[in-house]
Structure formats: C-alpha cells, structure tokens
Amino acid sequence: IAKPKNQCNWNLQGQNLSNLDLNEDGNTITILELACGNASNSRLIVKGLSEMYPRLKFKVILMDVSDELLKEALVRYEKLLDNLNGNIIVEAVQLNFNSKNEVKSFLNDYTEVFDFIFSIKFFHNTNVKIDKNVAHMISKLLKKGGVFSTQFYNEVNLKIKIKKTLAYLINYKYSNSVYVDRVMANFNLSRNNVKLGYCSYSTNKNFKLI
C-alpha cells in the first residue's frame, strides 16, 4: 500500500510499468485516470515518464463524473502540453460508474485502448467497488500487456471493519473500503481474467493492486 505522495515514483520505478515498451522512438502510451479530479496524479506520471523517456508520446483520457473538475483538469494540463511540444493528447470524458448505459457506451468507444489504467482513491473513497462488472470493464479496456493499478488504505478501527464487512455481505453500499474490498477486488480481477481466457502475470494482462 503506497502513500499518495509516493504514487508517482511507485508507478514509474516499480514493476507495474516494467512490461510496457516505453523506450522505443515514437511509441505512445495510452493512460486512463479514473475519477481524475484535477488530474494532478496523471500529470505527475506523465511528467515523470517524459523525463525518463524523452521520445515517448502520450494519450491521456481523464474520466470523472464532474464536468467542472474535468474542465479544471484540462486547464491544469495546458502548461504540460506546452512543455511536451505536441507529444501528448489529452481528452476528458464525463462518466457515471453507476449508469449502465454510460459504462456500456464508454466500453464501446475504448475497448482495448489503454496501456495503463489507474485510480488513486476512487475505489477506496466511494461506494463504487471492484466487483465482477467493474473487473470485466477494466479487463476489456486494457490492451494486451496493459496494467491496472489502484490504491487502498488500511482501516484501523475494528468496529468499522466489522460494520462494513457486514454491509458488504448484505450488499449495502458504503464508502471508504476495508480489507474485504481489497480481497474481493483481487478475486474479481483474477476471476474475470481467467474467465476471459487471459493469464494475469504472463502473456496478456497484468493486474496489480497497491
């Protein structure tokens, strides 16, 4: 479990991106930031990768439910756009994860598009969990060899752990994930991977939780 301030370094130096071909001239990495907010995390990642791989090009899709946050994110990307001299394309997509129609439309538009999908606090802070449907969506969005990364925090309060575990068992939605959510996220991603005929850690798609 990585602290937010270490997220950029973890993604750049850890094994998560090690299987992506980043060093070839003209290669493009396509990134999806889920629930991007003002997109500070993807900007850090893009900045870090651009310094490590100067010839690398980027396509970044920013996803959030808030139109205002997406507008702010695009404004904040402007300076980075100038610094990368046209080697980056940034798009904003407004999407509500609780809308089946919006998720279906997003999948139709972006199936097997992304090299790297990540979320810092989305699945931890909100009542959207990595259930079998979300795991299926993530798998469909990733290219062959793509990487998914997310972040959870440990819940130290035993009463809250028990309360939310019971809530999970009765299918009651709640924010702020606990241990059972991390376990089920791993289970759903792995099960979805096997169901789709992929191998998580060898030939096709890497699912790594942090």
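The values are calculated or read from the model by the stated rules, or taken from the named source; none is laboratory data. This is a predicted model, so every value here is computed, not measured. Reconstructed Cβ throughout: ideal geometry from the backbone, glycine too, with neighbour counts over all protein chains shown. Accessible surface areas use protein heavy atoms only, side chains included; no ligands, DNA or RNA. Shrake-Rupley method; radii C 1.70, N 1.55, O 1.52, S 1.80 Å.
Would you mind checking LYS100/LYS173; LYS57/LYS144; LYS132/LYS164; LYS129/LYS164; LYS129/LYS163; LYS47/LYS140 for any pair whose Cα atoms are more than 21 angstrom apart?
Table pairs above 21 Å Cα-Cα are LYS47/LYS140.
Using the C-alpha atoms of the stretch 23-85, what convex hull volume per residue, in cubic angstrom, is computed?
Residue-normalised Cα hull volume stands at 68 Å³.
THR30's amide H: which non-local residues (gap 5+, or another chain) put their own amide H closer than 5 Å, with H modeled 1.01 Å from N in plane and none for Pro or chain starts?
LYS59, ASP115, PHE116
Under the Kirkwood approximation applied to all pairs of distinct alpha-carbon atoms, what is the hydrodynamic radius of the stretch 46-163 in Å?
16.3 Å
In what sequence, highest mean first, do 130-137, 117-124, 67-74 appear when ranked by Cβ atoms within 10 angstrom?
Result, highest mean Cβ count within 10 Å first: 117-124, 130-137, 67-74.
Looking at the square roots a ≥ b ≥ c of the eigenvalues of the Cα gyration tensor of the stretch 63-114, which shape do they give, rounded for a/c under 1.5, prolate if a/b is larger than b/c, or oblate?
Note, shape of the stretch 63-114 comes out oblate.
Take the stretch 112-163, compute every pairwise Cα distance, and split them into 5 Å bins from 0; I just need the percent in each bin.
Result, from short to long distances: 5, 17, 22, 23, 14, 8, 6, 4, 0 percent.
Given a cut-off of under 8 Å on Cα pairs at least six residues apart, what relative contact order in percent is computed for the stretch 48-192?
Relative contact order comes out at 21 percent.
Write down the accessible area per residue of the stretch 75-198 in Å², having rolled a 1.4 Å probe over the full set of protein chains.
With the other protein chains kept in place, the stretch 75-198 gives 58 Å² per residue.
Report the residues of the stretch 36-55 in range of a label on GLN94: point 7 Å along Cα→C-beta, backbone N strictly under 20 Å from it.
Those under the cut-off are 36-40.
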